[in-house]
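A short worksheet on the structure shown next.
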């Protein structure tokens, strides 16, 4: 039965803006925020209900079914260091080396240890007698008996006294028997086995010396002084992430609870020579945001920046972060030897190991169907990486190699015995040799295109070179790999540069599908060193240390610096370490395998033997040179052929089109700019020429005067006759 209280005062209506007070604290309470509900209009109301507001329904319907998809990720049965060869080798090497060092360290100091223990033996013997005396007379219980006497607790004292008497009798008997037995054993050994007595006596002296050593001054100290790195834990990771300056991260960590979706998705584990932490970042934060702040992150983790490697997980959503923290910086970690250094053969159509990641796991690259760019500042390992790629190509006996070293120091010299074309230097004759080789490649490119076109779909379904086609010697579709180190040198040559650039651009665009791989390396990544037509079509990009954002993006691609892939972060000691883009979804850090000149010569010797057995030694490897010295055509004479005598001036684009019709095998792909650049060495400059387009519209474009061509021929022929 409930009580009802009725008052005569009318109850005031409730105001929506009225404050609510807590009756216990007498303070205004803050109303809890209600869950957000999206207003959903109700069904149309009748005319009688026009004054009523439409009903609101929650946007999250309780009857909405879930997707019914659950992802299960099994944890590994064995720890990662047992299943990974680099991790196993690293762990066992560390344990074995420490054990061997400790054995040698203590072994050489054994006489000194024995002397010190002998000097401390009397003190140990005195301590042994003292402790034995206390044990025999039950001295450890004396304070308890004295306490019972002080409290005048007679019964407890008598019980403790009887216990002491039993202990003293038993311990006295044990001590007496030990003395008698020990003396008898010593006399027996003295008579029957004095050597054994000496051994036991020496051991007793050493034990007494160890017993007499102060605890803070041990005789035998540690052989290896350990400086323990802090174990990576969840609080340390959160502390580091909280201090990188990301507002969303800091807010989520300070909030606690669900942390705006931030959580560790698995336990922190050992992964190779380091720790791995997998976590979901807060909503709206991506791994690239963390990668941009590696230095503050390393500071928060109390590690060198070379130990800290945040990355995304390509198998998960865009907010998944993999944080790998190494025990040592990458440039201080011992890298495994290149697997192909002593044995093995390569199939260029398959991935080939060329380096290691931060965990010292193998990293592979597929050189077929791609053009390659390698860029860095000097002395960072660019040429070594280029040579490594050419060594990989050399180990495929089908491949035809072109190696050009424009630095002129002979860094590619080890490859000379297997190269179809090889040159080292930057003189005019060297550049001309390269141009002749490129003309060969362009001719080969066109031949391959015709062969591919003629093959039936059943044999060539994708209109590109396949392993089966490359194996057929009759077709001549074997892989071709050409490497240009310091490629800015030929591109900037006054006379031959434009044609070299044009051919390289064509090979870079059309070559990969036809089995041709172009490698371009430069220590000055800019628009001149890497023309846009080449850099824009490169698939594989390797960027070692560079000094700024433009060079970084020129090698890795536009906006890579902004996305957090910065080769500027490498130090001068990070030789051979680079960002690799194009092999996989996201760029990754790779330390290329180190193969010195002696090792390269051994690999090449093995590769030449393979080629001899396969029957693929051609060109420079057997003393052959490119055909001719200069071009087999006369550009000036050809222009006079396509420009009639009554046409005083003509646009360069029309000249390019007419030349293509005249000699398609030579001039295919030429544009107005190509004509302009190739006429400059002859002293013919472009000028504004009025003309009419194909649509009949008059306009001014760049062209040349026919009289200038005639004059250039006269000057050239006159100089030849005079010489």
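Structure notes:
- Using the Cβ-Cβ distance between residue 304 and residue 96 with R0 = 22 Å, the FRET efficiency computed as 1/(1 + (r/R0)^6) comes to roughly 0.30.
- Fewest-first ranking of 682, 620, using other Cβ atoms within 10 Å as the exposure measure: 682, 620
- Sum of -39500 (n - 2.57) over DSSP H runs of 4+, divided by residues of the chain (222 nm, nearest 500): -13000 deg cm²/dmol
- The relative contact order of the chain comes to 10 percent, based on Cα pairs under 8 Å that sit 6 or more residues apart.
- Treating r as the C-beta distance of residue 295 and residue 409 and R0 as 51 Å, the FRET efficiency rounds to 0.90.
- Prolate/oblate/rounded label for the range 109-211 (Cα gyration tensor, a/c 1.5): oblate
- The range 394-437 - Kirkwood radius from inverse mean 1/r over Cα pairs (Å): 10.8
- Cα gyration tensor shape of the chain, rounded if a/c is under 1.5, else prolate or oblate by comparing a/b with b/c: oblate
- Computed label-point distance, nm, for sites residue 109 and residue 671 using a 7 Å Cα→Cβ extension: 7.4
- Contour excess over end-to-end distance, with Cα ends at residue 474 and residue 89 and 0.36 nm allotted per residue: 134.0 nm
- Gyration tensor verdict on the range 354-614 (Cα atoms; rounded if a/c is under 1.5, prolate if a/b is larger than b/c, oblate otherwise): rounded
- Paramagnetic label zone (point 7 Å from Cα along Cα-to-C-beta, residue 266; backbone N under 15 Å) in the range 280-306: 280
- Here the spin labels are modelled as points 7 Å beyond Cα on the Cα-Cβ line, and at residue 662 and residue 429 they lie 3.1 nm apart.
- DSSP-defined antiparallel bridges as percent of all bridges, the range 354-614, nearest 5: 30
- 0 to 90° range, to nearest 10: angle between helix 194-211 axis and the chain longest Cα axis: 80
- Nearest 10 degrees, 0 to 90: helix 382-394 Cα axis against the chain principal axis: 80
- Cβ-based exposure ranking for 213, 371, 84, 343, in which fewest neighbours within 10 Å come first: 343, 213, 84, 371
- The distance between label points at residue 549 and residue 140 comes to 7.4 nm (points 7 Å beyond Cα on the Cα→Cβ vector).
- Packing-based exposure ordering (other Cβ within 10 Å, fewest first) of 315, 383: 315, 383
- Taking Cα atoms only, the orientation of helix 652-662 departs from the longest principal axis of the chain by about 80 degrees.
- Estimated from the Cβ-Cβ distance and a Förster radius of 51 angstrom, the FRET efficiency linking residue 74 and residue 526 is about 0.55.
Values quoted throughout were computed directly from the atomic coordinates according to the rules given, and no laboratory measurement underlies them. Keep in mind that this is a model prediction, so the values were computed, not measured. As a convention, Cβ positions derive from the backbone with ideal geometry for all residues, glycine included, and neighbour counts pool all protein chains shown.
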